Amino acid sequence: MPQNVPEFRFSDHALRLRQFLYEHWCAHGRGPNLRAAHQATGLARARLIEVYRELDLGLICTVDQATQNCNLLKLQPFSSYPSQVEVFVDGKFLSFAGCAMESVALSRMPPFAGKEVRLESYCACCLAPVTLVTRDGEVLSRTPESVLIHVSTSPREWNTTNIVCMCDSMNYVADAEHAAAYERQICRRGVLFTLEQARRFVADTAANRMWRYDWPPARVVPERIIAGIKALGVDVSNWVD
């Protein structure tokens with residue numbers, strides 16, 4: 001999934017598959033296999049794989065392009081494999097979130113309307129527990145109160161192959177001092193978001209995901225993203241030449 005992809009529209013098949021994927025994951029906490037996707041959409045195997053790749057290009061999901069079954073690694077905001085954030089809905093484990101940033105928007109999805117969505121994570125520096133309670137896209141409580149989101153990659157590095165490394169770089173930290181300690185551990189500088197800045201950063205996605213059937217593909221345009229993050233009040237000096 002390269003950066004600066006020209007604008008395009010999802011096909012009708014892609015929109016239908018996307019809707020099914022979201023509904024299936026929210027109901028079962030995991031993605032479907034190809035047979036389940038075929039039964040739901042009626043698409044033949046070859047076309048189904050083409051459509052998965054189309055959704056991948058539009059930043060809806062991440063598939064392993066080298067696999068014959070087009071294995072589904074992520075369906076933003078969810079992860080097929082253990083990540084930094086566990087998601088609990090009404091007290092029951094549902095799934096892993098794609099990353100700390102994605103997790104902030106998760107409770108805004110229509111199937112979770114009015115429900116308490118608890119996010120269990122940890123400080124990237126010391127692995128001490130971090131807990132957020134959210135509902136309808138709002139953060140109701142946080143432990144510790146000083147928790148922040150640390151991003152250790154620049155938008156210029158996002159999505160050059162896929163979003164796996166980008167998501168891996170978005171982590172909760174207990175506070176700014178723990179963020180600095182984490183940077184020393186990984187020998188890399190990053191930027192810090194408050195939870196409110198993170199909520200605003202993902203607000204457009206949260207307002208459209210599953211709410212708008214024809215929601216268009218997302219694109220990674222680094223300079224535009226950096227400017228938008230700077231406008232939120234985030235110190236992006238570590239990203240700017």
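The values are calculated or read from the model by the stated rules, or taken from the named source; none is laboratory data. Owing to the predicted nature of the structure, the values given are computational and were not obtained by experimental measurement. Here the Cβ positions follow ideal geometry from the backbone for every residue, glycine too, while neighbour counts run over all protein chains shown. Accessible surface is based on the protein model in full, side chains and every heavy atom, while ligands, DNA and RNA are left aside. Shrake-Rupley method; radii C 1.70, N 1.55, O 1.52, S 1.80 Å.
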Those residues that are open to solvent by less than 60 Å² (accessible area, probe 1.4 Å) and either in a loop (DSSP other than H, G, I, E, B) or acidic (Asp, Glu) (or both), I need them from the stretch 32-43; list them, please.
Pro32, Gly42, Leu43
Please work out which residue is farthest from Ile60 (Cα to Cα), limiting yourself to the stretch 95-112 and to residues that are open to solvent by less than 10 Å² (accessible area, probe 1.4 Å) and assigned to a helix (DSSP H, G or I).
Phe112
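Yes or no, residue by residue, for (1) outside any helix (DSSP H, G or I); (2) open to solvent by 30 Å² or more (accessible area, probe 1.4 Å); (3) out of contact with any Asp or Glu (no Cβ under 8 Å at 6 or more places or on another chain); (4) farther than 23 Å from Arg212 by Cα:
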| site | (1), (2), (3), (4) |
| --- | --- |
| Leu17 | no, no, yes, no |
| Leu21 | no, no, yes, no |
| Ala27 | no, yes, yes, no |
| Arg30 | yes, yes, yes, no |
| Val51 | no, no, yes, no |
| Asp56 | no, no, yes, no |
| Thr62 | yes, no, no, no |
| Thr67 | yes, yes, yes, yes |
| Phe93 | yes, yes, no, yes |
Quick one: is Leu73 within 17 Å of the chain's Cα centre (by Cα), open to solvent by 30 Å² or more (accessible area, probe 1.4 Å) and touching a residue at least 40 places away in the same chain (Cβ under 8 Å)?
yes
Checked Asp175, Asp214 against criteria (charged (D, E, K, R), within 23 Å of Trp25 (Cα to Cα) and modelled with pLDDT of 95 or more); the one match is Asp214
Of everything in the stretch 152-197, what is small (Gly, Ala, Ser) and touching a Lys or Arg at 6+ places or on another chain (Cβ under 9 Å)? Give them in sequence order.
Ser152, Ser169
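In the stretch 113-128, which residues are in a strand (DSSP E or B) and open to solvent by less than 70 Å² (accessible area, probe 1.4 Å)?
Correct list: Val117, Arg118, Leu119, Glu120, Ser121.
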